[in-house]
Amino acid sequence: MDAALFYVLVGAVIVAAIARWRGWPAPLLVTVVALAASFLPFIPEIDIDGHVLLSLVLPPLLYSAALDVSFVGFKRSLPQIRRLGIWLVLLTAGLVGLVAWLIFPALTLPGALLLGAIVAPPDAVSAAAIGRKLGLPRRVMTVLSGESLINDATSLTLYRVFAAIIAGATLTAWDGVWQFVLAVVLGVVIGLVFGILLHQLRMRVADPVVIGTFGLLVPFGAYAIAEHLGGSGVLAVVAMGLYVGYNAPRTDYRTRQQEAPLWLSADLLLESFVFAYIGLQFRRVLDDLSDESVEHILWLSAAVLGVVLLVRPLYIYPAHALARFWERQRLRRWERAVAKGRFDAERHGRGRERGPGRAPLTAEQMRERLTEPALDWKDNAVISWAGMRGVVTLATALAAADIAALPTGPSHAIVIVAFIVTVATLLLQGLTLPLLIRWLGVASEVDHEADARALASVRARSKQAGKAYLAEQREVWAKKYGTADLRIFDAFAGRMTKVETETDHAQEAEEVTARPSYEDLVALSRGWLQVRREVLLDERDAGNLDEEVMRELITAMDAEELALDSRGATRPQSRA
């Protein structure tokens, strides 16, 4: 079994590597190859407990995804994310449960609702991979990524409620609501505690290997403890990832450079295995179908698949229209309050992102607070069709098969339906989503234009902050070294303000005089980099700079600081 898992893992990574090389969606190719490989006689049957699969695969994948999500964008798009990640999951679970119960009464209503909870949450891994490749606008990617971070929590909470009912527990509707609220609150609190502790560790420990190792371990701890205490392990990991990712630019640059390739490799490994495992279950599903109920189960699968495909667009467009209606109502109330002089800009301008000394919110900023990021009908069409199911659906179906109170027939039906829905959505929606995106012409030109405007503003602020920093340091140098050596400072500072390599200038300046040391010049370069980072963080916190753009700029600054350290490590000892 261990050798079989190793061979599957290696084969899945090889197929994913080929897909990346050719520019194809790796999850889809891995799934198709695994489906075909499941018929080969020498391919062993791999059976992993659903609970184990969730506990081993879900925490690192969720944590890695949360690290990359823009917290500012997530917060702005939260109403849209909440509609998809909570209310759409609840609606899908209810409709699927009702249809499944009518078609297959042997499931019983709790069993049918359990099936609904299992197939309700989409997996955004495939959609995100396709969206990044085809250049989906950031507003669409934020909604898809945010939905994938919270819909699993809703689905797994529903799963626990209906599994408990099947096992014989007596639960009322209020009990279910209480379990959901408890799962959300406990999950978020535990995740924030873990996130704060990990961030403090990252701020105090300069060893990137140690920090990277803790980063790999902590998501499992947050998930396990939250689940043990009755909270949502998914939300715990997501909250921790969002907190750590938001504060990552404040940590040592070596930590960021170490963990970025680490998580990219972990994602490739885990995602490849998950989609290979999904495909390899095909033969097992066919074996389970070899009885007299095959036609009934296939009809049930087709009906559930139809509900899953249709309910998403039929919900998204009316929900979006209703949200826009209430948005207009909020704007009208605000405009009336402004006209009557009842709007206190200073009071509404207070908030974490607007610290002491900041000006009150402008009218444009207040409008932004009262509205959601604009999505047109084309954006909603893409979001409606990006509903591929994945690891959570399959893993919870396998876990449901172990519920003792669930008869064998309904148990097999749940596994088969979940598998067919997962594979069908992966292939049907995954293969046609790129065609839909190209046909609609949904692209990110608007993002490029907005980024260009934001970058121009950031560069102006960075230049002003840099001049202020250099003026302050010039006074310090004048007191420390005397006015005679200010020519070295002025020459070095002049070169720094140009787009050149600071470490080369430090070396050149040292050759002019030995009075200011190489370390002094390096410290000046580090201070210059830190000032520029602070400008980026301030602009990000104020909502003037997208987090993805900020991370790209900080990555470039990290490379500059790495060059400083590399030159210092290879430089001969200072002369006496």
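FYI, it's all coordinate maths here, none of it is from the lab. Because the structure is a prediction, the values reported are computed rather than measured. So basically every Cβ, Gly included, is an ideal-geometry build from the backbone, and we count neighbours across all protein chains shown.
With the cut-off at 1.5 for a/c, could you classify the stretch 1-137 from its C-alpha gyration tensor as rounded, prolate or oblate? In terms of gyration-tensor shape, oblate.
Averaging the sequence gap over all C-alpha pairs within less than 8 Å and six or more residues apart, then dividing by the number of residues, gives the chain a relative contact order of 22 percent. Please compute the Kirkwood hydrodynamic radius of the chain from all pairs of different C-alpha atoms, in Å with one decimal. Hydrodynamic radius (Kirkwood, Cα only) of the chain equals 26.4 Å. Counted by neighbouring Cβ atoms within 10 Å, the residues Tyr246, Tyr317 run from fewest to most as Tyr317, Tyr246.
Counting every other Cβ atom within 10 Å of each residue's Cβ, Met203, Met240 order from fewest to most as Met203, Met240. Residues Ile316, Ile414, Ile43, arranged from fewest to most other Cβ atoms within 10 angstrom of their Cβ, appear as Ile43, Ile316, Ile414. Taking square-rooted eigenvalues a ≥ b ≥ c of the alpha carbon gyration tensor, is the stretch 182-273 rounded, prolate or oblate, where a/c under 1.5 means rounded and, failing that, a/b exceeding b/c means prolate? Oblate, because a/c is 1.5 or more while a/b does not exceed b/c. Our helix-only sum for the chain, with -39,500 (n - 2.57) per DSSP H run of n ≥ 4 divided by its residues, gives a mean residue ellipticity at 222 nm of -26500 deg cm²/dmol. Segment Glu327..Arg22, full-extension length gain: 105.4 nm, with 0.36 nm per residue of separation and the alpha-carbon distance subtracted. Directionally averaged projected area (the stretch 90-166, Cα convex hull): 5.5 nm².
Straight-distance candidates among the lysines for linking to Lys133, with alpha-carbon spacing under 26 Å and chain neighbours fewer than 8 residues away dropped: Lys75, Lys378.
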